[in-house]
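**Q** Just passing along the structure, written as structure tokens.
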Amino acid sequence: MGEYRINTQCVQAGYTPENGGPRQIPIIQSTTFKYATSEDMGKLFDLEAEGYFYSRLQNPTNDHVAAKIAKLEGGAAGMLTSSGQAANFFALFNICECGSHIVASSSIYGGTFNLISVTMAKMGIEVTFVSPDSTEEELHAAFRENTRAVFGETIANPALTVLDIEKFAKVAHEHGVPLIVDNTFPTPVNCRPIEWGADIVTHSTTKYMDGHGAAVGGAIVDSGRFDWMAYADKFPGLCTPDESYHGIIYAERFGREGAFITKCTSQLMRDLGCVQSPQSAFMLNLGLESLHVRMPRHVENGQAVAEFLQKQPQVSYVNYSGLPGDKYYEIAKKYLPNGGCGVVSFELKGGRGAAETFMKNLKLAAIETHVADARTCCLNPATSTHRQMNDEQLEAAGIPAGLVRMSCGLEDKEDLVEDLAQALAAI
Ligand SMILES: *Cc1c(COP(=O)(O)O)cnc(C)c1O
């Protein structure tokens, strides 16, 4: 469906009913699939035929939704995972193994930071964190002979830094490794990292794609552009025989467009099983059908809230790349011309106490650890996600005690601003 524009793809891509077939994507709630002969089934196990045999690896409902997300991102192939965490782990682990090294932006989601720096470290995979604002020289300096991937977030959660995707891709490619970009916050409606040189895109579909706080999920999209065979010594998993499938070589058999996702599905999903349920995939697709309508409203509300907060005496600063003067305003004009997302963060001058009073007085915005759905919510990291840190540690981490992260939903922006105004007045 390459000829259609992105709004049409949000509604239509990924599934075309047969004549007389169900209009909505059917939920194939079946663990297994029936075959007439063992020979038919054997072909699937040898990756010689396409088809389904067990929903731990692949399920038709999931595949329709993954195909839509791949189309939205302008990629060649996609797959769903049980969560955003699983998507990032699979995307990295599909090309890294014990002894590999990753270069990652330091400005990433806390869960991903832990995944890479704690759990993947235990697997013998090393990481060097770099500033998202690194120069090309600083990025080059982070590479080692065993570097296998570069990782960053288009708009980082919760720091709201904007990644210079072209720069990171250029340096990654000079070292013969792919750039993986977590595009959860802008979604493909506001940024398509593959167009800027990213090789693999990941999502926590739990956020805007689902959009209603209904189902945890993740997605991986491969651009199909990275030439694995040109760097075969770095990527043995893709470029040497997989004995668990009678010695097939993914990059040869499935080519640039199919190798990454086929290996990820037939090897990692087979062995680790972080599959999304077909029910969740169905709900995710309902969210995707209106993603292009919702994102502009999230941006409009985020912009209105950021502009309001910037003028308030109780607020010391506001982070939002849509605000002129924001550190990322210029770069956001390039990568996010229609705006980024609905998440805004700001510091209250009164610190921890002020944040607590402010949040207690909010009537419309709920206190939640979640972000990026239809209902406005907010969080004070110092008293929740980062409560093990003292004020000095928080300051050093760039998360001062008075910082509030606000995820603007789809309500009337005037109601959001009025709610903020009365809660600020209570401080
Ligand atoms: C939430 C989030 C994740 C993790 O996703 P889950 O679906 O919660 O596992 C990864 N990356 C970003 C940017 C996120 O916001």
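The values are calculated or read from the model by the stated rules, or taken from the named source; none is laboratory data. These numbers were taken from a predicted model, which means no experiment stands behind them. Note that we place each Cβ from the backbone using ideal geometry, even for glycine, and neighbour counts take in every protein chain shown. Note: accessible area is taken over every heavy atom of the protein model, side chains too, but ligands, DNA and RNA are not part of it. Shrake-Rupley method; radii C 1.70, N 1.55, O 1.52, S 1.80 Å.
**Q** So which residues in the stretch 57-69 are modelled with pLDDT of 95 or more and open to solvent by 40 Å² or more (accessible area, probe 1.4 Å)? Show your work before the answer.
**A** Keep residues of the stretch 57-69 that are modelled with pLDDT of 95 or more, which gives 59-69.
Once the filter is applied, which keeps residues that are modelled with pLDDT of 95 or more and open to solvent by 40 Å² or more (accessible area, probe 1.4 Å), the stretch 57-69 yields Asp63, His64, Ala67.
**Q** Can we say Arg148 is of a type in the set (Lys, Arg), away from the ligand (no atom under 15 Å from the Cβ) and part of a strand (DSSP E or B)? Outline the logic, then answer.
**A** Details: of a type in the set (Lys, Arg): yes; away from the ligand (no atom under 15 Å from the Cβ): yes; part of a strand (DSSP E or B): yes.
It is true that Arg148 is of a type in the set (Lys, Arg), away from the ligand (no atom under 15 Å from the Cβ) and part of a strand (DSSP E or B).
**Q** Identify the single condition in (1) within 26 Å of Arg405 (Cβ to Cβ); (2) hydroxyl-bearing (Ser, Thr, Tyr); (3) away from the ligand (no atom under 15 Å from the Cβ) that Ser107 does not satisfy, given that it satisfies every other one.
**A** (3)
**Q** Looking at (1) within 15 Å of Gly409 (Cβ to Cβ); (2) open to solvent by less than 40 Å² (accessible area, probe 1.4 Å); (3) at pLDDT 95 or above, which is the one condition that is false for Asp326?
**A** Single failed check for Asp326: (1).
**Q** Would you call Phe90 among the hydrophobic types (A, V, I, L, M, F, W, C) and open to solvent by 10 Å² or more (accessible area, probe 1.4 Å)?
**A** no
**Q** Given the conditions (1) open to solvent by 60 Å² or more (accessible area, probe 1.4 Å); (2) within 14 Å of the ligand (Cβ to nearest atom), report the number of the one that Glu137 does not fulfil.
**A** The failed condition is (2).
**Q** Looking for whichever is under 18 Å from the mean Cα position of the chain (by Cα) and either surrounded by fewer than 18 Cβ atoms within 10 Å (Cβ to Cβ) or part of a helix (DSSP H, G or I) (or both) here; the options are Leu80, Leu72. Which one fits?
**A** Details: Leu80 fails: either surrounded by fewer than 18 Cβ atoms within 10 Å (Cβ to Cβ) or part of a helix (DSSP H, G or I) (or both).
That would be Leu72, the only listed residue that is under 18 Å from the mean Cα position of the chain (by Cα) and either surrounded by fewer than 18 Cβ atoms within 10 Å (Cβ to Cβ) or part of a helix (DSSP H, G or I) (or both).
**Q** Can you pull out the helices (runs of 4 or more DSSP H) entirely within the stretch 335-427 that have at least 2 residues that are open to solvent by less than 20 Å² (accessible area, probe 1.4 Å)?
**A** Those helices (runs of 4 or more DSSP H) span 351-361, 413-425.
**Q** Can I ask one more? Can you find a residue in the stretch 163-178 that is within 25 Å of Arg375 (Cβ to Cβ) and touching a helix residue (DSSP H, G or I) at 6+ places or on another chain (Cβ under 9 Å)?
**A** Taking every residue of the stretch 163-178 in turn, none turns out to be within 25 Å of Arg375 (Cβ to Cβ) and touching a helix residue (DSSP H, G or I) at 6+ places or on another chain (Cβ under 9 Å).
**Q** Sticking with this structure for a sec: Would you mind stating whether Ser38 is among the hydroxyl-bearing types (Ser, Thr, Tyr) and in contact with a helix residue (DSSP H, G or I) (Cβ under 9 Å, 6 or more places away or on another chain)?
**A** Considered against the rule, which asks whether it is among the hydroxyl-bearing types (Ser, Thr, Tyr) and in contact with a helix residue (DSSP H, G or I) (Cβ under 9 Å, 6 or more places away or on another chain), Ser38 comes out as no.
**Q** While we're on this one: Take Ala332 and tell me if it is crowded, with 18+ Cβ neighbours inside 10 Å, at pLDDT 95 or above and part of a helix (DSSP H, G or I).
**A** Answer is yes for this residue.
**Q** Please find, among Ala365, Ala382, Ala354, the residue that is in contact with a Gly (Cβ under 7 Å, 6 or more places away or on another chain) and among the hydrophobic types (A, V, I, L, M, F, W, C).
**A** Only one candidate qualifies: Ala354.
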